[in-house]
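Trainee: This structure is in structure tokens; I'll ask about it shortly.
The values are calculated or read from the model by the stated rules, or taken from the named source; none is laboratory data. Being a predicted model, the structure only gives us computed values, none of them experimental. Glycine gets a Cβ as well: all are built from the backbone with ideal geometry, and neighbour counts include every protein chain shown.
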Amino acid sequence: MRERLFTQGKKRELRGVDLHIRNTIATFAGLYLIFAVLFYPEAILHRAISFGLFYMVIFLSFDTPGAVKREHIPVYDWILSFLSAGVAIYFILEIDRIIRRMIFTDPMTTMDIIMCGVTLVLLFEGTRRVMGPWLPGLGLLALLYMAFGQVIPGRFTHLKYSVEYMVDGLFMWDLGIWGSPMGIATGMIMIFLLFGTLLKATGASDFLFDFVSKFTGRSKGGIAKVAILSSAMFGMISGSPLTNATTTGAMTIPAMKKSGFSAEYSACVESCASVGGIYMPPIMGNVAFVMSDVVGIPYAEIVKRAILPAIIYFAALYFSVDFRARKRGITGTFEAIRESIFKLVVRGYNFFIPLAYLVTRLMTGRSAAKAGLETIAIMLVLGFLNAKNRLTVKKVFASLKTAVNSGVMIVSTMAMCGILVGVINLTGLTSKLTSYFNYVANISTVVTLIAIMLFTLFLGLAMNIASSYLIAAVLGGPILVGMGFEPLGVHMFILFFAAMATITPPVAITSYSAATIAGASPMKVGFMSMKVGLVAYILPFVFIFKPEILQYGSFLMTALAFVLAIVGTCIMAMGLEGWFFGRKMDFLTRMVLTGCGIAIVVGNLQILLSAAVILILAVVYIFVFDKVKNKKGRIGYEEK
């Protein structure tokens, strides 16, 4: 019983006719998404059709939680699949009436209410199979609040809503289930997921690994640096920390262990680097599209302003790896690629051209979905011309199928988020929560930021990054913006913590996946990932108090903030790793260096001066301490 209630469904290993039918529907769904970008239908119609297609794939692909894994599709899932198609067909037949009726004014039919009920059942059951019970449970609480919130005493009470009002608000217009989250998922996000799938089909993963190993393979701790850079580049394609960790990690983690890094550290480097793909422009794990819609800032501007934080984050990981390698005497044992840079670039031209075109089009203001589709067209042409790893029609259709099968998690969670956003807006819950956050804000700005940080991390325990970001942004974002902070800084604050939830215990799914590959303790990897990725817990506060790091303000102030952040992360990494140019440090000195690094990253002028004085004293102490106590030599010593 516990497994049925608290786990997610297992994916079926279909064969024969069942597999052919499922793959045909998935491929058709991919073709439809391309058609929808080119000839965009009514928003509510497009989202209903997408719902029908994706939930057909879900019910054909996933068993109910706790069920014995089957290789065939049971009758009841065929029924649920046909009902999913029925939702799409209903909107196709009724679309003229639906778009012409006045919301909350014109009467609805009995069939409208029945189809709303059917859609909700499909939505909750399908999402439960894909994501587990926590997000559907939150959606159910939202519906119960909307239905019975009038009996709650105090500020969170509301007027009694009729069934017709709830159906109208959540089903009959583009706010609830068919709201913008569903539109983003079945538009921009799926197009870029298809782009990433096609790019991988052309051999991009292997090339990116070779490309970064050319520059870092023979340096200190070279393979760990390869893991960082390859995950940064691969993260631009996959957009999923979990996918990133399991794909690049399968190559880098064993190699890191072989070169001398511990299993726990190897897994933690890969998990931290994989999460960094969410921060890395131009795609930023697809969450940037959601952010653009929520904040109302063009996608190209978000990409431009996110580049410096991404560099700082990966620089912090690079420093950590370099200092640990120097401390442990780990050399660049990884065999670097022997091709010349020119030959390597020529071999990978078909990967660079689409990415360059994509960035250029986005920067010129082209819509993300259409820019992505244009890039896919260029990639197809280049792929068909590539003799070594040629794209074929079979590979293209396989990529369509793979993208849709991968996208069911995104579509189902964003549809459920539509329920949450719809209930929040229809019941006025935002203003109610805002009043409480404002009360906290009157006490302390820092306490408010910490409360929203913890709330976002809590959501990330049971949801994917897009879902936890969206809910936290809807509830917490307006409060921080109302306090006078830069809107993009506020949403970057929330995004960073939504992403870091995937490596933060007790859940830490990305860290645990990397730990599985490394054969390491998952909990140890989770806490070590928090330490190595500490800068990602610090930077969000910099976005709030020093928006220059997001390129707000003069060029001089932005450059100064960036340089200080790089210097601060370097000193922070020295303290965390216990390495200072071969000198030995005790625990207290390490903590002082770490604190000074944090102060340099986030502090104002007064704090910076104080940190500089303390840092000078710490350096003097390190040299005295090393001279008196270090009997083992300065290079390659082991720390117990």
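Trainee: Among the candidates 503, 465, 494, single out the residue that is within 28 Å of residue 568 (Cα to Cα), buried (at least 24 other Cβ atoms within 10 Å of the Cβ), at pLDDT below 85 and touching a helix residue (DSSP H, G or I) at 6+ places or on another chain (Cβ under 6 Å).
Mentor: 465
Trainee: Find the helices (runs of 4 or more DSSP H) located wholly in segment 409-504 whose residues include 3 or more that are aromatic (Phe, Trp, Tyr) and either closer than 30 Å to residue 44 by Cβ or out of contact with any Asp or Glu (no Cβ under 9 Å at 6 or more places or on another chain) (or both), and list them.
Mentor: Passing ranges, in order: 429-443, 487-500.
Trainee: If residue 356 meets every condition in (1) in contact with a Lys or Arg (Cβ under 6 Å, 6 or more places away or on another chain); (2) exposed (fewer than 15 other Cβ atoms within 10 Å of the Cβ) apart from one, which number is that one?
Mentor: If we test residue 356 against (1) in contact with a Lys or Arg (Cβ under 6 Å, 6 or more places away or on another chain); (2) exposed (fewer than 15 other Cβ atoms within 10 Å of the Cβ), just (1) comes out false.
Trainee: Could you identify the single residue in 393, 481 that is free of Cβ contacts under 8 Å to residues at least 60 places away in the same chain, on the phi < 0 side of the Ramachandran plot, touching a Pro at 6+ places or on another chain (Cβ under 6 Å) and surrounded by fewer than 19 Cβ atoms within 10 Å (Cβ to Cβ)? Break it down into steps so the answer makes sense when it comes.
Mentor: Values: 393 fails: touching a Pro at 6+ places or on another chain (Cβ under 6 Å).
None of the other options fit; the residue is 481.
Trainee: A further question on this structure: Kindly state which helices (runs of 4 or more DSSP H) lie completely within segment 1-72 and contain at least 2 residues that are in contact (Cβ under 8 Å) with a residue 12 or more places away in the chain and touching a His at 6+ places or on another chain (Cβ under 7 Å). I'd like the intermediate steps shown before the answer.
Mentor: Numbers: elements: 2-6, 16-38, 43-61.
Result: 16-38.
Trainee: Among (1) surrounded by fewer than 23 Cβ atoms within 10 Å (Cβ to Cβ); (2) assigned to a loop (DSSP other than H, G, I, E, B), there is one condition residue 520 misses while meeting the rest; what is its number?
Mentor: For residue 520, the failing item is (1).
Trainee: Can you find a residue in segment 395-408 that is over 23 Å from the mean Cα position of the chain (by Cα), more than 30 Å from residue 131 (Cβ to Cβ) and not assigned by TED's automatic domain parsing to the domain that holds residue 53? Can you show your working first?
Mentor: Of segment 395-408, the ones over 23 Å from the mean Cα position of the chain (by Cα) are 395-398.
Checking which are more than 30 Å from residue 131 (Cβ to Cβ) leaves us with none.
Within segment 395-408, not a single residue is over 23 Å from the mean Cα position of the chain (by Cα), more than 30 Å from residue 131 (Cβ to Cβ) and not assigned by TED's automatic domain parsing to the domain that holds residue 53.
Trainee: State yes or no: is residue 77 more than 24 Å from residue 187 (Cα to Cα) and in contact with a helix residue (DSSP H, G or I) (Cβ under 6 Å, 6 or more places away or on another chain)? Give the steps one after another, and end with the answer.
Mentor: Numbers: more than 24 Å from residue 187 (Cα to Cα): yes; in contact with a helix residue (DSSP H, G or I) (Cβ under 6 Å, 6 or more places away or on another chain): yes.
Here the answer is yes, as residue 77 does meet what is asked.
Trainee: Okay, moving on. With 28, 82, 39 as the choices, which residue is outside the structural domain of residue 366 (by TED's automatic domain parsing), closer than 27 Å to residue 377 by Cα, over 26 Å from the mean Cα position of the chain (by Cα) and modelled with pLDDT of 90 or more?
Mentor: Values: 82 fails: closer than 27 Å to residue 377 by Cα; 39 fails: modelled with pLDDT of 90 or more.
None of the other options fit; the residue is 28.
Trainee: Now for a separate question. Could you tell me how many of the residues in segment 51-64 are crowded, with 22+ Cβ neighbours inside 10 Å and either more than 17 Å from residue 21 (Cα to Cα) or of a type in the set (D, E, K, R) (or both)?
Mentor: 1
Trainee: Take the conditions among the hydrophobic types (A, V, I, L, M, F, W, C), surrounded by fewer than 18 Cβ atoms within 10 Å (Cβ to Cβ), assigned to a helix (DSSP H, G or I) and in contact with a Pro (Cβ under 9 Å, 6 or more places away or on another chain) and apply them to residue 382. Does it pass?
Mentor: Details: among the hydrophobic types (A, V, I, L, M, F, W, C): yes; surrounded by fewer than 18 Cβ atoms within 10 Å (Cβ to Cβ): yes; assigned to a helix (DSSP H, G or I): yes; in contact with a Pro (Cβ under 9 Å, 6 or more places away or on another chain): yes.
So residue 382 fits the description; yes.
Trainee: Could you tell me whether segment 183-202 includes any residue that is at pLDDT below 70 and either in a helix (DSSP H, G or I) or under 26 Å from residue 347 (Cα atoms) (or both)? Please lay out each step first, then the result.
Mentor: Step one: list which residues in segment 183-202 are at pLDDT below 70, which gives none.
No, that holds for no residue.
Trainee: Scan segment 96-112 for residues that are buried (at least 16 other Cβ atoms within 10 Å of the Cβ) and over 35 Å from the mean Cα position of the chain (by Cα) and jot them down. Break it down stepwise before answering.
Mentor: So in segment 96-112, the residues buried (at least 16 other Cβ atoms within 10 Å of the Cβ) come out as 98, 101, 108, 112.
If the condition is that a residue be buried (at least 16 other Cβ atoms within 10 Å of the Cβ) and over 35 Å from the mean Cα position of the chain (by Cα), then 101, 108, 112 are the ones that fit.
Trainee: Now, a different point. Considering only residues that are polar (S, T, N, Q) and assigned to a helix (DSSP H, G or I), which ones fall in segment 97-113? Outline the logic, then answer.
Mentor: To start, the set of residues in segment 97-113 that are polar (S, T, N, Q) comprises 105, 109-110.
Selection gives 110 alone.
Trainee: Is segment 168-179 home to any residue that is aromatic (Phe, Trp, Tyr), closer than 21 Å to residue 56 by Cα and touching a Lys or Arg at 6+ places or on another chain (Cβ under 9 Å)?
Mentor: Within segment 168-179, one or more residues are aromatic (Phe, Trp, Tyr), closer than 21 Å to residue 56 by Cα and touching a Lys or Arg at 6+ places or on another chain (Cβ under 9 Å).
Trainee: Now for a different question. Taking into account only those residues within segment 123-156 that are part of a loop (DSSP other than H, G, I, E, B) and farther than 12 Å from residue 412 by Cα, which is modelled with the lowest pLDDT?
Mentor: Restricting attention to segment 123-156, the residues satisfying the condition of being part of a loop (DSSP other than H, G, I, E, B) are 132-133, 152-156.
Among the residues that remain, those that are also farther than 12 Å from residue 412 by Cα are: 133, 152-156.
Numbers: 133: 86, 152: 88, 153: 84, 154: 79, 155: 76, 156: 81.
Residue satisfying both the conditions and the ranking: 155.
Trainee: Has segment 114-122 got any residue that is more than 27 Å from the chain's Cα centre (by Cα), at pLDDT 90 or above, surrounded by fewer than 18 Cβ atoms within 10 Å (Cβ to Cβ) and not in a helix (DSSP H, G or I)?
Mentor: No.
Trainee: Right, residue 587: without any contact (Cβ under 8 Å) to a residue 12 or more places away in the chain and of a type in the set (Phe, Trp, Tyr) or not? Give the derivation first.
Mentor: Numbers: without any contact (Cβ under 8 Å) to a residue 12 or more places away in the chain: yes; of a type in the set (Phe, Trp, Tyr): yes.
Answer is yes for this residue.
Trainee: Are any of the residues in segment 366-382 farther than 30 Å from residue 155 by Cβ, in contact with a helix residue (DSSP H, G or I) (Cβ under 7 Å, 6 or more places away or on another chain) and among the basic types (Lys, Arg)?
Mentor: Checked against the condition, which is being farther than 30 Å from residue 155 by Cβ, in contact with a helix residue (DSSP H, G or I) (Cβ under 7 Å, 6 or more places away or on another chain) and among the basic types (Lys, Arg), segment 366-382 yields at least one hit.
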